[in-house]
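Worksheet for the structure shown next.
Bear in mind that the values in this text are calculations on the coordinates, not laboratory data. This structure is a prediction, so every number in the text was calculated from the model and none was measured. Cβ sites come from the backbone with ideal geometry, for glycine too, and all protein chains shown count toward neighbours.
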Amino acid sequence: MMRRWLSPLLAAAVALGPLAARSQPAPVAPPAVADARQFGGVSEARILDAIRGARVLGRQNVGSTSVNLHLRLEGGIDAAWKPRTSTHRDSYRAEIAAYRLNRLLGLNRVPPAISRAIPRATLRLAPTSPVLFERDNTARGAAIYWVPVLRPSRIDGPEEQERWGRWLRQGRTVPPDQARRAEEISTLLVFDFLTGNWDRWSGANVPMDAEGHLIYRDNNGGFEEPFVDGLLQRSRSLLNRTQRFSRAVIGRARAMTEASVLAEMALDPDRASPPLSAGQVRSLLRRRDLLLQYVDGLARRHGEAAVLPW
């Protein structure tokens, strides 16, 4: 259910509605998973098939504050699995929604994720486990591609944050050899604002892959609903750290509609528990409107080329 009051910024966005989106032609429904997209050089369709259905050969809990199992799967493609629990309820769905939003934005930074139910006998959990089981004795959860190589990016350290924070401000220069990293950080800030994930920078949540690209993982804190004023303000303060953006990402965010978001989310096979509720979709689009207001305001002051350099 939605909160009965909204901040002035959020109220303005509600009143305006997705004006920018209305001026765009209705987008074509997103492609099915059997497309040519890849993640880390591996077909996303192949990854999704494996983490959804491959036989579990072994599992190990790697979570600290929540249940997060590393599933060793037949076939060589492994998964992390985050289930529905009594402590975190349905937050696992945010992992799937984040992957789907990543697709809508034309990114390949979020590891592929898909719903998967696992039988109690396969999980072999302790009686005190907070995992919740359905009537058929299976537990719902999100299966997330286990990226084979993850290394610390170290961009979340205080000195590093200060350094890249300067790159992303108008009037500052981005070192030519750091342009790719600057764009990936800027896009991460945009992505987290859209998902409402304000907890990214609490430690070790911004690793990089074997090629040095940032991986946007651990997204189960996103899409909280109701998205109250305090969460909005914290998210806005993080977004304000960048004044430079990817033109393609902002363009795709501008083109999103309720229909296109729902169509993408519907590609997950769990029809009974879709990645986002209708309320969460509306909240996502309100944040999108605020993002565009911010970016367009910067463009009026500094020029579009300076604000959208990538």
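For residue 68, the residues whose modelled amide H falls within less than 5 Å of its own, excluding neighbours fewer than 5 places apart on the same chain, are 62, 63.
May I ask for the net charge around residue 212, where only other residues with Cβ less than 15 Å from the Cβ of residue 212 are counted and Lys, Arg are +1 while Asp, Glu are -1?
-1
Amide H contacts under 5 Å for residue 39: 44, restricted to partners 5 or more places along the chain or on a different chain, H placed in the peptide plane at 1.01 Å from N. Packing, as the average of other Cβ atoms within 10 Å across residues, places the peptides 46-54, 69-77 in the order 46-54, 69-77, highest first. The magnitude of the dipole of the chain, with charges of +1 and -1 set on the Cβ of Lys/Arg and Asp/Glu and taken from the Cα centre, is near 360 debye. The angle between the Cα long axis of helix 158-167 and the main principal axis of the chain comes to about 50°, on a 0 to 90 degree scale. Here the label points at residue 213 and residue 150, each 7 Å from Cα along the C-beta direction, are separated by 1.6 nm in the simple model. If the segment from residue 237 to residue 62 were pulled out straight at 0.36 nm per residue, it would be longer than the present Cα-Cα gap by 59.9 nm.
Converting phi to 3J(HN,Hα) with the Karplus coefficients 6.51, -1.76 and 1.60 and the offset θ = phi - 60°, region 224-230 yields 5, 9, x, 8, 6, 4, x Hz in sequence order, with x at every glycine or proline.
The charge dipole of region 38-145, taken about the Cα centre with unit charges on the Cβ atoms of Lys, Arg (+1) and Asp, Glu (-1), comes to about 140 debye, rounded to the nearest 20. By the helix-only formula, in which each DSSP H run with n ≥ 4 contributes -39500 (n - 2.57) and the sum is divided by residues, the chain has a 222 nm mean residue ellipticity of -11500 deg cm²/dmol.
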